[in-house]
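First comes the structure, then the notes that go with it.
The values are calculated or read from the model by the stated rules, or taken from the named source; none is laboratory data. Keep in mind that what you see is a predicted model, and the values were worked out from it rather than measured. So basically every Cβ, Gly included, is an ideal-geometry build from the backbone, and we count neighbours across all protein chains shown.
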Amino acid sequence: MSTVTPNIVKQTIARSHFKISRRNNDWLGCWGHHMKSPGFRIVKEHQKLNHFPGSFQIGRKDRLWRNVSKMQLRFGKKEFNFLPQSFILPQDIKLLRKAWEDCAGRQKWIVKPPASARGIGIQVIHKWSQLPKRRPLLVQRYIHKPYLIGGSKFDLRIYVYVTSYDPLRVYLFKDGLVRFASCKYSSSMKSLNNKYMHLTNYSINKKNIEYKSNADETACQGHKWALKALWNYLTQKGVDSEAIWEKIKDIVVKTIIASEPYIINLVKMYVRRPYCCHELFGFDVMLDENLKPWILEVNISPSLHSNSPLDVSIKGQMVRDALNLAGFQLPNAEDVASPTGSASSSTTSLNTVMKEKSKPPVELLTAEKAKKAYYLTQKLPEQEFCSTILEVLTPDDVRVLIETEDEYTRRGQFERVFPSRFSMHYLRFFEQPRYYNILTTQWELKYFLNKSKGLDLLRNWCHKGFHNGTVTDSTVLWTLPRPHLYLKNELINALSKVDPGRNSKGPRDGEEPVRNPEPSSCTQSLPQIKYTVATLKKSTISNALGNSNGIK
């Protein structure tokens, strides 16, 4: 724990019979400040921090806009028009001036420091002369026609929990907070100085003598409601609240994807294993008069202070479920005693079920590399091609799927939004295809209606020890479809790009990620030829790649 660890986190940990440690080496988890990316190097394999390196790429208002606007340019505003148009000063001053003049002074603008929180430094303006001189600044189009309840504007605090970036796993908590402005809304330009009218931050509105608290999580009263109470209220008004929730899930996933290339590169550079990071985000969302959700900002350290029974009820449940999802693991004594720990060779190695018992056969490792390379050859993943990824699983596949399914059983009131049966729609938005995202998406598509069947299959693999690399002569291994056995140069080139490893060079904080060359646009799904370990002992995959006649 640290000096900024919220009391509700400390209380939840204490009720779970964990103890708070103030020593440097014997801790399992830390809930504290975000730190610079190189600082993650000191975290051992069995330790877990509540941040990812580089998550400020969506946590800072200027970086959030830059990343989402890049996605708009690549995929169009139809898919990524959920963040109000913004300008970063001083570099965008000319663009802002043009937009300002085009509106002829009729547009309200909201001015925000790019890295502040709790409403500090925010003001609403409509005259160029009101623009603050200090820099940097973010100037954003003001949503001047918000959806009102009781004449007041409000926003939603949505809790988003990311357990992994590769494979990407994103959860939304089913409840949250609805925060009302404590003065009724007016569109008059004369009212712009009234923060109690135009800002919804609790830290601001609690200072208003008109502010009314709410102790009942089911009641639609006061200036703070539970999210579930809002959905009930809207449903009674004839509004399809489920449709709004689906739209919120969509824009959350897209926002996380916008930050994905930066964070993955930094994780590979500075983090010993993906297990060491997880993060809770606070998404602030506003509904306009047409009930369209807009993301206002993303908080990388959302407030967990609980000043009312309503806060305690929602945040307490959410923190408990998030820490259960985190899946803290008890290390071996030698791991704790080691001063540095050792880097894990697997992206999803675990200390219990996943622990390696022996070194896998070379044929198995070659098959795993070849399979990853093959499924990353397609620029835009298509369902027919991707669905074949489940025909023959590798031990690494099984380990990833075990971790994904085991985590899902601990979700509590969190809803997993990626991967899901709808994830194929989102795969095209990634800067580069990720093998594990294809794998988990296809698994969800195949087994979402019959979870027990998929779990039985994984249990069967575990009983055989396949997830640890245990194979027999009858074990079927993945091999290249026959036409690809002749593509020696192309395949070797693809293999060289698979998982560059944790010592590869990546970007520094704030830099653009290194972009790999575009993969080919091959979309043909080719027939799979299956080989056993016994077959490959006579003619290994490696030899086959060098044999112009292919595998006999």
Practice task
Kindly state which helices (runs of 4 or more DSSP H) lie completely within region 1-117 and contain at least 3 residues that are more than 15 Å from L138 (Cα to Cα).
Solution key: 7-15, 61-75, 77-80, 93-102
Practice task
Tell me the strands (runs of 3 or more DSSP E) entirely within region 118-225 that contain at least 3 residues that are under 30 Å from L95 (Cβ atoms) and under 29 Å from the mean Cα position of the chain (by Cα).
Solution key: 137-141, 154-165
Practice task
Among the candidates S186, S191, S116, S164, single out the residue that is small (G, A, S) and not assigned by the TED database to the domain that holds L291.
Solution key: S116
Practice task
Check whether at least one residue in region 65-72 is modelled with pLDDT of 90 or more, touching a His at 6+ places or on another chain (Cβ under 8 Å) and closer than 30 Å to L325 by Cβ, and report yes or no.
Solution key: no
Problem - Residue list for region 266-314, restricted to those being touching an Asp or Glu at 6+ places or on another chain (Cβ under 9 Å), β-branched (V, I, T) and closer than 17 Å to N50 by Cβ - result: V267, V298, I300
Practice task
For region 178-192, indicate whether the set of residues that are under 23 Å from G412 (Cβ atoms) and crowded, with 20+ Cβ neighbours inside 10 Å is non-empty.
Solution key: yes
Exercise for the section: Can you tell me which residue among L280, L266, L291, L287 is closer than 30 Å to S69 by Cβ, in a helix (DSSP H, G or I) and touching a residue at least 60 places away in the same chain (Cβ under 8 Å)? Expected result: L266
Handout entry: Failed item, numbered, when D396 is tested on (1) of a type in the set (D, E); (2) part of a helix (DSSP H, G or I); (3) within 29 Å of E242 (Cβ to Cβ)
Key = (3)
Practice task
Scan region 25-44 and give yes if some residue there is outside the structural domain of V160 (by the TED database), closer than 29 Å to I248 by Cα, surrounded by fewer than 19 Cβ atoms within 10 Å (Cβ to Cβ) and within 25 Å of the chain's Cα centre (by Cα), otherwise no.
Solution key: no
Problem - Lone qualifier among L138, L230 - being in contact with a strand residue (DSSP E or B) (Cβ under 7 Å, 6 or more places away or on another chain), buried (at least 19 other Cβ atoms within 10 Å of the Cβ) and not assigned by the TED database to the domain that holds F283 - result: L138
Practice task
Could you grab me the full set of residues in region 68-87 that are hydrophobic (A, V, I, L, M, F, W, C) and in contact with a strand residue (DSSP E or B) (Cβ under 6 Å, 6 or more places away or on another chain)?
Solution key: F82, L83, F87
Practice task
Look at region 271-295 and say how many of its residues are hydroxyl-bearing (S, T, Y) and surrounded by fewer than 23 Cβ atoms within 10 Å (Cβ to Cβ).
Solution key: 0
Exercise for the section: Would you check if there is a residue in region 49-64 being in the same structural domain as V271 (by the TED database) and surrounded by fewer than 19 Cβ atoms within 10 Å (Cβ to Cβ)? Expected result: no
Problem - Number of positions in region 377-393 that are farther than 13 Å from R434 by Cα and in contact with a strand residue (DSSP E or B) (Cβ under 8 Å, 6 or more places away or on another chain) - result: 2
